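Reading through the structure tokens given below for one structure.
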Amino acid sequence: MQLTQTHIDYWQKNLRLTAVLLAIWFVATFVMAWFAIPLAEIKIFGWPLSFYMAAQGSLIIYVAIIGYYAIAMRKNDLEHGVQEGEED
Amino acid sequence: MATSQKSFTQQLKKYYTFYTGGFVLFVTLLAIAEQMGLSTKWIGYTFLVFTILLYAGIGIMSRTVEVAEYYVAGRRVPAFFNGMATGADWMSAASFIGMAGTLYLTGFQGLSFIMGWTGGYVLVALLLAPYLRKFGQFTIPDFLGARYGGNIVRSFGVMAAILCSFTYVVAQIYGVGVITSRFTGLEFGIGVFVGLAGILVCSFLGGMRAVTWTQVAQYIILIVAYMIPVVWLSVKHTGVPIPQAVYGGVLERLTEREKQLTSDPKEQEVRKIFADRAKAADDKIKGLPATYQVEKDAVTKKLEDLRAANAPKADLDAAEAAVKGFPASPDAAKAKWTADKGAAAGRTGPPLPHATPYPGKDEKARDTSRLNFLGVVFCMMFGTAALPHILMRYYTTPSVQEARVSVFWSLFFIFLLYFTAPALAVLAKFDVYTLVVGTKFSELPAWVNAWQAVDRTLLNITDINKDGIVQLAEIVIGGDIIVLATPEIAGLPYVISGLVAAGGLAAALSTADGLLLTIANALSHDLYYKMINPNASPTMRITVAKALLLVVAVIAAYVTSLKPGNILFLVGAAFSMAASAFFPALVMGIFWKRASKWGAIAGIIAGLGVCLYYMVHTYPTFIQWFGTTPITKWFGLDPISAGVFGVPVGILTIWIVSLLTPAPSKDVQELVDHVRYPSLTGDIDTKGT
């Protein structure tokens, strides 16, 4: 099994996408929690921002990250011809 | 086959729509029966029997003797349904019953679990699920075995899988026992075995296939049961039926109320009484052994005085109990007084500010609190991405793309409950702070009296300063009551309480099923078939798998009936252990071709070793069990977050040892390419049969 250039591109693109999404995940989780005390000063609809993020906001970001990944990778599969055939 | 997969999905949708409709009808009929006078006990029984029969029906319909059906549900579970099944698999009794209570008691700090148990799915989606699906065998040790070659890594995988899953399953069966005994009045031990029967009917005949389809059914029940009372409570306090969107305003009012209560003179009076009690207990302890006799004489004399004065019976009884219960020796007295002191000292402080992150008396306390928040988030996330019973679910989808989409649905369905729990905690707290605190003892809401009668550890309100009015400092509340009592707090009929119990039961049963199957499969597939008898016929393999499932279930139920303490800690520990043992080897196996067999072996040992070492030397119960010498906590991190050390050590070890040992063979490199691409021309086939 020999990998072609397009295969290598596919994998590189996947790695970049994964890295970017993990960076967003990291900020929404650890950076947010690290600065929770100053962030609590900001209020949105009654919630201190850090409480809102930890209870709801970051969760929404997680769902969005995973949804985006599924869509983007589908596209990536098709562009590089590595999509699955109809499963047997 | 593509069209048949489509029609299969259509069919599933039809079945589960009917099922949901039928269930709603059932609850409605029961509600009508309640109005006509059906007793609460019978409502409890009906829910228990009906739901277990339902699961049994699905289990029997899904029976199978085919290997791929038994281990991975035939690899044709559509993403949407696999998402629901994963949701039920994931959300345990601790999530359903305990989560909102933890948030009630710990405020912001408890949100670390909410974040950790959802954010972990990002790691599952990005780093594991699609690749494991492409690999396409049956268990997690399967992947470790194939990627790192040989039975050593596989056996470590088996051991680690059993270690984490077993601690976790005991907690689930415990939850089943508690729920059944509470809502039907059966004894705890009997409740455990009723629960065991419930678990086995789901999994015994059909393995993963049966577990998958019952889990979907269980998810529907648990999410409906969780939402109804919260929506009602939200209408009661805000007038809006979407609690998640509007509880910010309630939180603001709650924060105001906390401030009032902190400076309220009556509250301060009660807190002062507790401070005095703590001080008195402390004096008694310091005065030992002399104080022992003094105190003993004092209680005896009090009883005599009361008898002489012909005091009311209640006072006499209390005095008599004090004499009878007086510690038998100075040592016992010391233990009891220390406990008294701790209990009183715990109630001397003002209410915890619910919305404030990392409250603490000084900078250092706040920093430690923040570090522990981050630690719990880290361990819960990496543990999520390493628990075999969850990862295993992504073997069951029809394709790699479906696996990706399936993680999305999984998290979506889990999110529905987890973003509701903080709302519930705030609403319930607001209810207690405004409608219970400040009322006269003679005019307490009905639910308070009802739950006090059931279990004093869940709710206990005593008039400490004898003013006839409830102060916040006079309330002791157990976390589990928040979910269990919400229907009554919201003023709903008993049938909803029954529904909540059924939901809790569904959560515990579904998780227990997934875990038991993981343990039994590790033994039957990895140990028996892959290592002991590779020539076993499919019939033999299924027979062995089912027999082992039975044995493991009975052992787990037996261990549960011994009531091992500190179950919540054990659940947390399972996450740290799974993260340390599996995460580095799994992820590096996919993303780094150079990761070698010896690297993986060393990494698993080092990661898990550090994690266990830290727990065994910092967690009081373990120190007691194993007789280890306690060490100072590293950076003040709690033992539950031991994975914070285990995971990086595991990664580093794999990295260093891999570079020191020969690179993996060409076959292994091809395997890595194989899992990285959904489809490859001239590809190898690793699908398990």
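The values are calculated or read from the model by the stated rules, or taken from the named source; none is laboratory data. Every value quoted in this text rests on a predicted model; they were computed, and no experiment measured them. Reconstructed Cβ throughout: ideal geometry from the backbone, glycine too, with neighbour counts over all protein chains shown.
Residues are listed down the side, and each one gets a yes or a no for (1) among the acidic types (Asp, Glu); (2) under 34 Å from the mean Cα position of the chain (by Cα); (3) assigned to a helix (DSSP H, G or I):
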position: B:Ile651; (1), (2), (3): no, yes, yes
position: B:Pro664; (1), (2), (3): no, no, no
position: B:Glu670; (1), (2), (3): yes, no, yes
position: B:His674; (1), (2), (3): no, no, yes
Give the residues of region B:11-59 that are within 28 Å of the chain's Cα centre (by Cα) and of a type in the set (A, V, I, L, M), sorted by residue number.
-> B:Val24, B:Val27, B:Ile43, B:Leu48, B:Val49, B:Ile52, B:Leu53, B:Leu54, B:Ala56, B:Ile58
Applying the selection to region A:16-36, what residues are in a helix (DSSP H, G or I), over 23 Å from B:Thr420 (Cα atoms) and more than 12 Å from the chain's Cα centre (by Cα)?
-> A:Val31, A:Trp34
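Each row is one residue, and each column tells you yes or no for (1) under 26 Å from B:Leu144 (Cα atoms); (2) among the basic types (Lys, Arg).
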position: B:Lys334; (1), (2): no, yes
position: B:Ala345; (1), (2): no, no
position: B:His389; (1), (2): yes, no
position: B:Arg393; (1), (2): yes, yes
What number goes with the only condition from (1) buried (at least 16 other Cβ atoms within 10 Å of the Cβ); (2) in contact (Cβ under 8 Å) with a residue 24 or more places away in the chain; (3) farther than 29 Å from B:Ile414 by Cβ that A:Gly81 does not pass?
-> (1)
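Can you name every residue in region B:353-370 that is in a loop (DSSP other than H, G, I, E, B) and either surrounded by 15 or more Cβ atoms within 10 Å (Cβ to Cβ) or away from chain A (no Cβ under 14 Å) (or both)?
Here is the first cut: in region B:353-370, the ones in a loop (DSSP other than H, G, I, E, B) are B:353-362.
Within region B:353-370, B:Pro353, B:His354, B:Ala355, B:Thr356, B:Pro357, B:Tyr358, B:Pro359, B:Lys361 qualify.
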For region B:622-630, state whether one or more residues are away from every other protein chain (no Cβ under 14 Å), surrounded by 13 or more Cβ atoms within 10 Å (Cβ to Cβ) and under 24 Å from B:Tyr131 (Cβ atoms).
-> no
What are the residue pairs meeting all of these: first residue in region B:662-689, first residue more than 24 Å from A:Lys75 (Cβ to Cβ) and more than 10 Å from chain A (Cβ to nearest Cβ), second residue part of a loop (DSSP other than H, G, I, E, B) and of a type in the set (Phe, Trp, Tyr), Cβ atoms under 6 Å, and 6 or more apart or on different chains?
-> B:Gly688/B:Phe138
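Condition check ((1) in a helix (DSSP H, G or I); (2) within 14 Å of another protein chain (Cβ to nearest Cβ)) across all residues:
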| position | (1), (2) |
| --- | --- |
| B:Thr348 | no, no |
| B:Gly375 | yes, yes |
| B:Cys379 | yes, yes |
| B:Phe382 | yes, yes |
| B:Ala386 | no, no |
| B:Met392 | yes, no |
| B:Leu427 | yes, yes |
Kindly check whether there is at least one residue in region A:28-40 that is more than 20 Å from B:Leu374 (Cβ to Cβ), surrounded by fewer than 20 Cβ atoms within 10 Å (Cβ to Cβ) and within 9 Å of chain B (Cβ to nearest Cβ).
-> no
In region B:16-63, what residues are within 22 Å of B:Arg76 (Cβ to Cβ) and surrounded by 15 or more Cβ atoms within 10 Å (Cβ to Cβ)?
-> B:Tyr16, B:Tyr19, B:Tyr55, B:Ile58, B:Gly59, B:Ser62
Search result, residues across region B:443-477 that are modelled with pLDDT under 85, surrounded by 14 or more Cβ atoms within 10 Å (Cβ to Cβ) and not in a helix (DSSP H, G or I) = B:Asp455, B:Leu458
Of the conditions (1) modelled with pLDDT under 85; (2) over 25 Å from the mean Cα position of the chain (by Cα), B:Pro564 clears all except one; give me its number.
-> (2)
Looking at region A:1-27, which of the residues that are under 21 Å from A:His80 (Cα atoms) and among the aromatic types (Phe, Trp, Tyr) is surrounded by the fewest Cβ atoms within 10 Å (Cβ to Cβ)?
-> A:Trp11
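Here is a yes/no grid of residues against (1) surrounded by 21 or more Cβ atoms within 10 Å (Cβ to Cβ); (2) within 20 Å of the chain's Cα centre (by Cα):
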{"site": "B:Asn533", "(1), (2)": "no, no"}
{"site": "B:Pro538", "(1), (2)": "no, no"}
{"site": "B:Ala547", "(1), (2)": "no, no"}
{"site": "B:Ala556", "(1), (2)": "yes, yes"}
{"site": "B:Arg594", "(1), (2)": "no, no"}
{"site": "B:Gly603", "(1), (2)": "yes, no"}
Please indicate, with yes or no, whether at least one residue in region B:188-204 is modelled with pLDDT under 85, hydrophobic (A, V, I, L, M, F, W, C) and more than 23 Å from the chain's Cα centre (by Cα).
-> yes
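Working only within region B:605-617, note down all residues that are in contact (Cβ under 8 Å) with a residue 60 or more places away in the chain and surrounded by 24 or more Cβ atoms within 10 Å (Cβ to Cβ).
Answer for region B:605-617, where residues must be in contact (Cβ under 8 Å) with a residue 60 or more places away in the chain and surrounded by 24 or more Cβ atoms within 10 Å (Cβ to Cβ): just B:Leu608.
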For region B:235-253, state whether one or more residues are in contact (Cβ under 8 Å) with a residue 12 or more places away in the chain, away from chain A (no Cβ under 14 Å), at positive phi and out of contact with any Ser or Thr (no Cβ under 9 Å at 6 or more places or on another chain).
-> no
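Kindly indicate which of B:Ile461, B:Ile475, B:Ile469 is more than 14 Å from every other protein chain (Cβ to nearest Cβ) and over 30 Å from the mean Cα position of the chain (by Cα).
Numbers: B:Ile461 fails: over 30 Å from the mean Cα position of the chain (by Cα); B:Ile475 fails: over 30 Å from the mean Cα position of the chain (by Cα).
None of the other options fit; the residue is B:Ile469.
Going by what's in this entry, would B:Met540 be described as within 20 Å of B:Leu517 (Cα to Cα) and in a helix (DSSP H, G or I)?
Yes: the conditions hold for B:Met540.
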Within region A:41-88, can you find the residues that are at the interface with chain B (Cβ under 7 Å from one of its Cβ atoms), assigned to a helix (DSSP H, G or I) and small (Gly, Ala, Ser)?
-> A:Ser50, A:Ala54, A:Ala55, A:Ser58, A:Gly67, A:Ala70
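Among the residues of region A:17-27, which ones are at the interface with another protein chain (Cβ under 7 Å from one of its Cβ atoms) and either among the basic types (Lys, Arg) or within 23 Å of B:Thr368 (Cβ to Cβ) (or both)? If you could, list the steps in order and put the result at the bottom.
So the first thing to find is which residues in region A:17-27 are at the interface with another protein chain (Cβ under 7 Å from one of its Cβ atoms), and the list is A:18, A:21-22, A:25.
Residues satisfying the conditions do not exist here.
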